[in-house]
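Engineer: Mind having a look at this structure? Questions to follow.
The values are calculated or read from the model by the stated rules, or taken from the named source; none is laboratory data. Everything quoted here is computed from the prediction, not taken from an experiment. Cβ: placed from backbone, ideal geometry, glycine included. Neighbour counts: every protein chain shown. Remember, those area values only see protein heavy atoms, side chains included, never the ligands or the DNA or RNA. Shrake-Rupley method; radii C 1.70, N 1.55, O 1.52, S 1.80 Å.
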Amino acid sequence: MPRPNAAQLAYGSATVVFSTVALLLLSRTTTPLGIAVISTAGLLLGLLVAVTMPAHRKAGPAPLRPLPRTDEIRVPAVRVGAGADTRIGT
């Protein structure tokens, strides 16, 4: 199993914290057993969010596309620099 990336860890952790606090506030439980059950439920929900979140691909080079095929042959033009025709040969 690949390691989770930073976004998966952040979303999972935020889900654990917010869902646990929301469940505790909504249920108004004060017993240790109720708090333990709600904390476990928040942890499982955060784990579910982190695991099911799609992993982002690593940035890499773009895939190469084949060049369009042409039937004609292209020949580059000859470049003539300054003074190319005035050279003196020995």
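Engineer: Of all residues being among the β-branched types (Val, Ile, Thr) and within 23 Å of ALA50 (Cα to Cα) in segment 19-34, which is most open to solvent (accessible area, probe 1.4 Å)? Just the residue, please. Please lay out each step first, then the result.
Structural biologist: Let us first name the residues in segment 19-34 that are among the β-branched types (Val, Ile, Thr), namely 20-21, 29-31.
Restricting the remaining residues to those that are within 23 Å of ALA50 (Cα to Cα) gives 20-21.
Working: THR20: 23, VAL21: 74 Å².
Selected residue: VAL21.
Okay, residues lined up against (1) small (Gly, Ala, Ser); (2) surrounded by 13 or more Cβ atoms within 10 Å (Cβ to Cβ); (3) at pLDDT 80 or above:
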{"site": "PRO4", "(1), (2), (3)": "no, yes, no"}
{"site": "VAL17", "(1), (2), (3)": "no, no, yes"}
{"site": "ASP71", "(1), (2), (3)": "no, no, no"}
{"site": "ALA82", "(1), (2), (3)": "yes, no, no"}
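Engineer: With the checklist (1) assigned to a helix (DSSP H, G or I); (2) hydrophobic (A, V, I, L, M, F, W, C); (3) at pLDDT below 85 in hand, flag the one item ALA59 doesn't pass.
Structural biologist: Among (1) assigned to a helix (DSSP H, G or I); (2) hydrophobic (A, V, I, L, M, F, W, C); (3) at pLDDT below 85, the lone unmet condition for ALA59 is (1).
Engineer: Residue by residue through segment 1-52, note down the ones that are hydroxyl-bearing (Ser, Thr, Tyr) and in a loop (DSSP other than H, G, I, E, B).
Structural biologist: Those that are hydroxyl-bearing (Ser, Thr, Tyr) and in a loop (DSSP other than H, G, I, E, B): THR29, THR30, THR31.
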